[in-house]
Amino acid sequence: MTAGTPMSGRDTAAAFKGLIIGAICVAVVVVTITTLTNRKYASHEATPAATETR
């Protein structure tokens, strides 16, 4: 194998592990923020729909 080609080398496995772990961490943060926000506003009462007065 040529050392300069993509997807080869000593650090390829570490790079993919970092990519996967990073994506999982970002997903966990997004899900946590969404869950906490939904929980905060769950007790708020829905506003009635605006009525047209024409």
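Once phi is turned into ³J(HN,Hα) by the Karplus curve 6.51 cos²θ - 1.76 cosθ + 1.60 with θ = phi - 60°, what whole-Hz value does each residue of the range 29-37 show in order, with x for glycine and proline?
Result, rounded to whole Hz: 5, 5, 5, 5, 5, 5, 5, 5, 5.
Would you calculate a helix-derived [θ] at 222 nm for the chain, using -39,500 (n - 2.57) for each DSSP H run of n ≥ 4 and dividing by the full residue count, to the nearest 500?
About -20000 deg cm²/dmol.
Tell me, what HN-Hα J-couplings in whole Hz come from the Karplus equation 6.51 cos²θ - 1.76 cosθ + 1.60 at θ = phi - 60° for each residue of the range 40-48, using x for Gly and Pro?
5, 9, 5, 7, 6, 7, 5, 7, x
Laboratory data are not the source of any read-out in this text; all were calculated from the coordinates shown. This structure is a prediction, so every number in the text was calculated from the model and none was measured.
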